[in-house]
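The values are calculated or read from the model by the stated rules, or taken from the named source; none is laboratory data. Because the structure is predicted, anything quoted here is derived from the model rather than measured. FYI the Cβ positions are ideal-geometry reconstructions off the backbone, even for glycines, and counts take in every protein chain you see. These accessible areas exclude ligands, DNA and RNA; they are computed on the full protein's heavy atoms, side chains included. Shrake-Rupley method; radii C 1.70, N 1.55, O 1.52, S 1.80 Å.
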Amino acid sequence: MAPGGFFGRALLVDVGGREATGTPFELTERVLRSYLGGVGLGTWLLHRLAPPGVDPLAPAAPLAFVFSSLVGTPLTTSAKFAVVAKSPLTGLLTDALASSQFAISGKLTGHDALVIRGRADELSVLLIDGDGVRLEPAPDLAGLAAGEAETAAKSRFGRNWRTAAIGAAGERGVRYATISHDGRHAGRGGLGAVLGAKNIKAVLVRAATKVSVADQAGVLAAARDLRKRSFGPATAKYRELGTLANLLAFNAVSTLPTRNFTAATFEGAPQLAAEELHELRGVARNSCASCSIGCEHIYSRKGGGGQRMEYENVFALGPLCGVSDPDDVFAASARCDELGIDTISAGGTIAWAMECVERGLIDEPWLRFGDGKAVLRALDAIGTRSPGLGELLAQGSRRAAEAVGHGSIDFAPQVKGLELPGYEPRSLQSMALGLAVNARGADHNRSGAYEADLSGELDRFDGGAAHVAAAVGTEDRAAVMDSMILCKFLRGVFDDPFTEWARLLALVTGWPLDADELRGAARRIVRAKRAFNLREGATAADDTLPARMLETPLELGSGRSAVLDADRLRSMIAGYYAARGLDEEGRIAAADLEDLLLDA
Amino acid sequence: MGKPKAWLEWHGSTLLYRATAVLARTVGGPVVVVAAPGQELPPLPSGVTVVEDPVEGLGPMQGLAVGLAAVADRAETAFVCSTDLPFLHPAFVRCVLRGLASGPDVVLPVARGFRQPLAAGYRTALAGLVADLLAEGDLRPGMLFKHCEVAQLSDEQLLADTALARHDPMLESVVNVNTPEDYAAARDRPPPEIVVECFGALAKKGGHRPRGVRTATLGAAAASVGLTLDRHVVAALNGDQITRDELLPLVAGDVVSFLSADAGG
Ligand code: SF4
C-alpha cells in the first residue's frame with residue numbers, strides 16, 4: 001500500500017501520431033520518502049526517464065508534472081505542482097512550481113506524477129482522467145493565449161477539467177516560454193517550449209479518485225494552526241503589498257538591477273513602487289487555490305482591465321530596461337502573459353539587446369533603454385520569432401550573445417543560460433554564490449540566500465564563509481519546501497523549519513520522519529539536480545557569474561563601491577563544494593551517488 | 001566626572017560605544033580600543049577588539065604606539081581618536097583619512113584653534129618610530145611630528161569637504177568633554193537631524209516618503225516611526241549596511257531605511 005498522501009505511481013504518457021497511451025510507473029516507498037515529491041521526485045524521474053544527452057525539444061525528452069503528498073490536503077499553500085524537464089534554455093535540469101486547482105485535479109487522476117513524452121502529429125490537447133489518456137486535435141487553438149486556450153478547452157470539454165496551456169511562444173519554441181494555468185505560470189527555463197515541441201497546446205486533467213492521509217485529524221489540526229500563523233507578521237509583506245514591496249526597498253539598499261545591471265538604483269523606482277501604486281490605483285487581491293495568504297495584487301490599468309504585478313516582472317520589464325512608466329510595464333507584463341513567456345528572461349534578454357544597440361553591436365536603433373514601447377515591440381518580435389531580432393532574442397541572452405559576439409557574453413545577464421532575477425549579486429554576496437552554483441541557473445527561488453544578506457547578520461558586501469553557510473542553508477530549505485510542496489512565502493512562519501516540516505509530513509504520510517532525515521533529503525535533492533547536470537555535460541566552469549559582475553565595481557547609493565572579484569567568488573564556490581561534499585571540480589563522490597537511488 | 005569618560009552615558013550606551021561604532025560604520029578595516037592595564041571597559045559594538053597597553057601612565061603616545069601596532073598587519077592607515085568626542089562625524093573621519101592618500105605620515109587637523117592629535121590620521125608604519133621615541137623618553141605627540149611628514153588641515157581646508165561642511169559646519173567633531181559641565185552641555189544638545197523611510201508592510205499610508213526626525217540611535221529612529229527592531233524588521237543605513245543594532249549611533253545627514261526582514265521572494 002502506498003504511504004499516506006501518495007498513490008505510489010506515476011503515469012507515463014506517450015503521445016504519437018494522433019494517439020496517446022498511458023503506462024503506470026511504480027514509485028517505491030523508498031523513492032518517495034527519499035525525494036518527497038515535487039521538484040525532488042521530478043528530478044529523480046528525469047534521471048530515470050530522460051535519455052542522456054537528449055535534445056530538450058526532441059520527442060524523447062520527458063516533461064513531468066509532479067505532485068506531492070501534501071497536495072489536496074487542507075494545509076495552506078499546498079495546492080502546488082512542479083513541472084520538471086531538461087531546459088531548452090540551459091540544456092540542464094529545470095523545474096518550475098505553480099499553484100492552482102490543476103495540482104489537485106492532476107493528482108486525483110490517481111498519480112503522483114504525469115510524465116509526457118513523444119510528439120503529436122498536429123496541435124492537440126491531452127486529456128487525463130480516471131478513464132485514461134486521450135489526445136484531441138486542437139488546430140483551432142493555435143496562436144491563442146494560454147488563458148484563451150483554457151477558456152476554449154473548458155467550453156469544449158466541460159467545466160470539471162483543469163487546464164495547463166501554452167501561449168503562442170510555446171508553440172513557436174521560444175526558449176523561455178511558460179506553461180500557464182489559471183493565470184499562474186510555471187515560468188522559468190522554457191517548459192512551455194518543451195510542451196510545444198510535443199505539439200500539445202494544453203494538458204487537461206480531471207479528478208477521478210481520492211487519496212487518504214495517515215492521520216486525518218492531525219492534518220486538520222495542523223492545517224488550522226498553519227492557517228492561523230499565516231496571518232501573522234511573517235507574511236504581512238505578501239498580504240499587504242505583495243512581492244512588489246521589494247522594489248523600493250531594494251532600490252534603497254542598492255540592489256535593484258537597472259539598465260542591464262549597470263546600476264543598482266533606479267531613479268524611476270518610486271513610480272513603479274507598490275507603495276505608490278496602492279495610493280494611485282485600484283488594487284484587487286487574489287490568491288492561489290488553498291492559500292490563506294493571498295499575495296497576488298492586481299492593479300487597475302489605464303484604459304481598463306487589471307494586471308497582476310510581481311516584483312520580478314516589474315524589475316525585469318521596468319528598471320532592467322530603464323522603463324519607469326507603470327502603464328508601459330503593465331502592458332509589457334500583460335504581453336508576456338498573452339504570449340506565454342517568462343518575464344525575467346524576456347526582460348533580461350531585451351535589456352542585453354538594448355546595451356548591444358548602445359554599443360553598436362545590434363542595428364536596431366529604436367531599441368533604447370527607457371523606451372517602454374520598444375520593450376513591447378521587442379516582445380512581439382520574440383513571441384512571433386520574427387526573422388532577425390525576434391529570432392535572435394527568442395534564444396535567450398546566452399545564445400544571442402554567442403551569435404552577436406564582440407564580448408557581449410560578458411554582459412549577458414545569465415548563469416548557465418538562465419537570466420538573472422532582480423537581485424544584484426555584487427551587493428548581495430550570499431545570493432551571488434547561490435546564483436552561481438544553482439542547478440537551474442541564476443535563480444532566486446531555489447537559492448534564497450538574499451535572506452541572509454538582507455538580515456543584517458553578515459556583511460553583504462564581503463562574501464566569505466558565513467555567506468557559504470547561508471547559501472547552503474537556504475538551498476536546503478528550498479529543496480524541501482519545493483518537494484513537499486509548500487509555498488515559500490510561508491517560510492517565515494516556521495521557527496524550527498525542518499522539525500515542523502517533518503511533523504507535517506509525518507501526519508500526512510505516516511512516516512516517522514525527523515528533522516535530520518529531512519535535512520538528508522534536502523542534500524540528496526540538491527545533489528541529484530547537480531548529478532543530472534553533470535550527466536548532461538555541466539562542469540565547474542558553469543558555476544560562475546557574468547564577467548560584468550566580477551570585473552566592474554558597483555557604485556552604491558552611499559557613495560561606496562561594491563566589489564565581487566573572481567577570486568572571492570571562486571573561494572566561496574570552493575567552500576560550497578566542500579560543504580556539499582563535492583570534489584574541487586564540483587563532482588559527486590561515488591558513495592553519495594549511490595544514495596541517489598538512480599537505479600531503484 | 002564621577003566615572004571614567006569611556007563609561008559616560010550617551011543615548012542609551014556610552015561615549016566609548018559611540019566613538020567605536022561611528023568608526024566601525026565609517027572605515028572598511030578593523031576598529032581597536034587601547035585599554036590601560038586592567039581597565040574595565042563598557043560593552044563595545046560587535047567586531048570591535050581591545051588591546052591592552054602593557055605600560056601604564058605614559059599618555060597618549062603609548063596608546064598610539066600600541067594601537068598602530070595592533071592594526072599594522074591589516075591596514076596601512078588609521079584614524080586615531082580619544083573616547084570623548086561625542087559629535088565625531090563620519091565625514092570628518094573620511095576627510096582626514098583621505099588626506100593620507102597623498103603620502104604624508106600624519107594628517108593633523110588644526111581645528112577650532114587647536115592641533116588635534118587625538119582626532120588625526122596616521123600611517124600604521126609609524127608604530128615603531130613612536131615606540132622608539134617613547135623609549136627615549138619623548139612622551140609628547142609634538143616630538144613625533146618633528147620626525148615625520150605631517151600635513152596639517154586648517155578649518156578652511158577641512159570645510160572644503162562638501163559633506164563635512166554640510167553635516168558638521170562648526171567642526172564639532174573635535175569637541176571633547178573634559179568637565180562635568182562640558183558633559184552636561186553636550187548631553188543637553190538636541191540629537192542630530194536624520195531622515196527616516198519605511199518600506200513595504202512597514203509603511204503605513206504614505207510612510208515610505210522620507211521624513212526628518214531628530215534621534216541619536218537606530219533604536220530611537222525606529223521608535224520615532226512606531227517600529228521595534230525585532231526579527232521582522234531590519235534597517236539600512238544610508239543604503240549601505242543592513243543592521244538591527246539599536247545602539248548604532250546616527251549622525252546628521254543619515255538616511256535610515258526600515259525594511260521587512262523577509263525582503264525578497
Ligand atoms: S502566498 Fe501567494 S504565491 Fe504563495 S500560494 Fe499564496 S497566493 Fe500563491
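When the P(r) of the protein assembly as shown is calculated, the portion above 44 Å amounts to 34% of the C-alpha pairs.
In the elastic network of chain B, a GNM with C-alpha springs shorter than 10 Å, the most mobile of B:239, B:29, B:12 is B:239. Restriction of the trypsin sites (Lys or Arg not before Pro) in segment A:370-438 to DSSP coil positions whose beta-carbon has at most 14 other beta-carbons within 10 angstrom yields no sites. For segment A:486-560, the square roots a ≥ b ≥ c of the C-alpha gyration tensor eigenvalues yield an a/c of 1.5 or more together with a/b not exceeding b/c, which makes the shape oblate. Taking amide H atoms as placed 1.01 Å from N in the peptide plane, the amide H of residue A:341 lies under 5 Å from those of A:178, each 5 or more residues away in sequence or on another chain. Please label the shape of segment A:337-393 as rounded, prolate or oblate, based on the square roots a ≥ b ≥ c of the eigenvalues of the alpha-carbon gyration tensor (a/c under 1.5 means rounded; beyond that, a/b larger than b/c means prolate, else oblate). Since a/c reaches 1.5 and a/b is larger than b/c, the shape of segment A:337-393 is classed as prolate.
Amide hydrogen proximity for residue A:133: with H placed 1.01 Å from N in the peptide plane, the residues at 5 or more positions away or on another chain lying under 5 Å are A:22. Residue pairs exceeding 30 angstrom between C-alpha atoms, taken from A:416/B:204; A:201/A:529; A:198/A:416; A:302/A:488; A:198/A:302: A:416/B:204; A:302/A:488; A:198/A:302. The mean of 1/r over all pairs of different alpha-carbon atoms in segment A:61-189, once inverted, gives a Kirkwood hydrodynamic radius of 15.1 Å.
Built from the Cα atoms of segment A:22-81, the convex hull projects on average onto 5.1 nm², one quarter of its surface area.
Close amide-amide hydrogen proximity is noted between residue B:10 and B:15, each under 5 Å apart and 5 or more residues distant or on a separate chain (H modeled in the peptide plane; Pro and chain starts excluded).
Summing charges over all other residues whose Cβ lies under 11 Å from the Cβ of residue B:196, with Lys and Arg as +1 and Asp and Glu as -1, gives 0. Computed from label points 7 Å out along Cα-Cβ, the spacing between residue A:583 and residue B:50 is 5.0 nm.
Could you list the residues of segment A:7-34 with an amide nitrogen less than 12 Å from a label point located 7 Å from the Cα of residue A:122 in the Cα-to-C-beta direction? Taking a point 7 Å out along Cα→Cβ of residue A:122, the residues of segment A:7-34 whose backbone N falls under 12 Å are A:18. In sequence order, segment A:278-294 has phi-based couplings of 5, 7, 9, 10, x, 10, 10, 10, 8, 9, 5, 4, 6, 10, 9, 8, x Hz under the Karplus curve 6.51 cos²θ - 1.76 cosθ + 1.60, θ = phi - 60°, and Gly or Pro positions carry x. The residue B:115 and residue A:358 beta-carbon pair, evaluated with R₀ = 45 Å, returns a calculated FRET efficiency of approximately 0.30. Cβ-Cβ distance of residue A:594 and residue A:228, R₀ of 30 Å, FRET efficiency by 1/(1 + (r/R0)^6): the value works out to about 0.10.
Looking at segment B:16-57, the accessible area is 47 square angstrom per residue; that uses a 1.4 Å probe and ignores ligands, DNA and RNA.
Counting only protein heavy atoms and a probe of 1.4 Å, the accessible surface of segment B:137-209 is 54% carbon and sulfur. Placing R0 at 30 angstrom, the Cβ-Cβ distance between residue B:36 and residue B:101 gives a FRET efficiency of 0.40 after rounding to 0.05.
The Cα center of segment B:228-255 and the Cα center of segment A:1-33 differ in position by 53 Å. Rolled with a 1.4 Å probe across the full set of protein chains, the surface gives residue A:336 an accessible area near 0 Å². Taking a straight line from the alpha carbon of residue A:210, these lysines sit under 23 Å away, with near neighbours fewer than eight places off in the same chain left out: A:80, A:107, A:154. Simple spin-label estimate for residue A:496 and residue A:571 gives 3.6 nm between the two label positions (7 Å along the Cα-to-Cβ direction from each Cα). Working from Cα pairs under 8 Å separated by at least six residues, relative contact order for segment B:190-260 is 43 percent.
Please work out the C-alpha center-to-center distance from segment A:577-597 to segment A:139-165 and express it in whole Å. Taking the Cα centre of each part, segment A:577-597 and segment A:139-165 sit 44 Å apart.
Between segment B:100-129 and segment A:527-564, the alpha-carbon centres lie 41 Å apart. Shape class of segment B:5-184 from the Cα gyration tensor (axes a ≥ b ≥ c, square roots of the eigenvalues): rounded, since a/c falls below 1.5. The long axis of helix B:90-99 is offset from the longest Cα principal axis of chain B by roughly 40 degrees. Across segment A:440-456, coupling constants 3J(HN,Hα) worked out from phi with the 6.51/-1.76/1.60 Karplus curve, θ = phi - 60°, read 6, x, 5, 8, 9, 9, 9, 9, x, 5, 4, 3, 5, 4, 8, 7, x Hz, and Gly and Pro carry x. Once the 1.4 Å probe is applied to the protein heavy atoms, chain A comes out at 32 Å² accessible per residue.
The sum of -39500 (n - 2.57) across all DSSP H runs of n ≥ 4, divided by the residue count of the protein assembly as shown, sets its helix-only mean residue ellipticity at 222 nm to -10500 deg cm²/dmol. In this rough spin-label picture, where each label sits 7 Å from Cα along the Cβ direction, the residue A:279-residue B:195 distance is 1.5 nm. Expressed as a whole percent, the accessible area of chain A that falls on carbon and sulfur atoms is 49 (1.4 Å probe).
Using a Cα-Cα cut-off of under 17 Å, which aspartates and glutamates could be cross-linked to residue B:3, ignoring same-chain neighbours fewer than 8 residues away? In chain and number order, the partners are B:40, B:84, B:181, B:182.
Each Cα pair of segment B:176-265 feeds into the Kirkwood radius, which the Stokes-Einstein equation turns, at 4 °C and 1.567 mPa s, into a diffusion coefficient of 94 µm²/s. The phi-based Karplus calculation (6.51 cos²θ - 1.76 cosθ + 1.60; θ = phi - 60°) puts the 3J(HN,Hα) values of segment B:58-67 at 9, x, x, 4, 5, x, 4, 4, 5, x Hz, whole numbers, x for Gly and Pro. For the chain pair A and B, the interface hides roughly 2500 square angstrom of accessible area in total, found with a 1.4 Å probe. Length available on full extension from residue A:300 to residue A:366: 0.36 nm per residue minus the Cα-Cα distance, which gives 20.9 nm.
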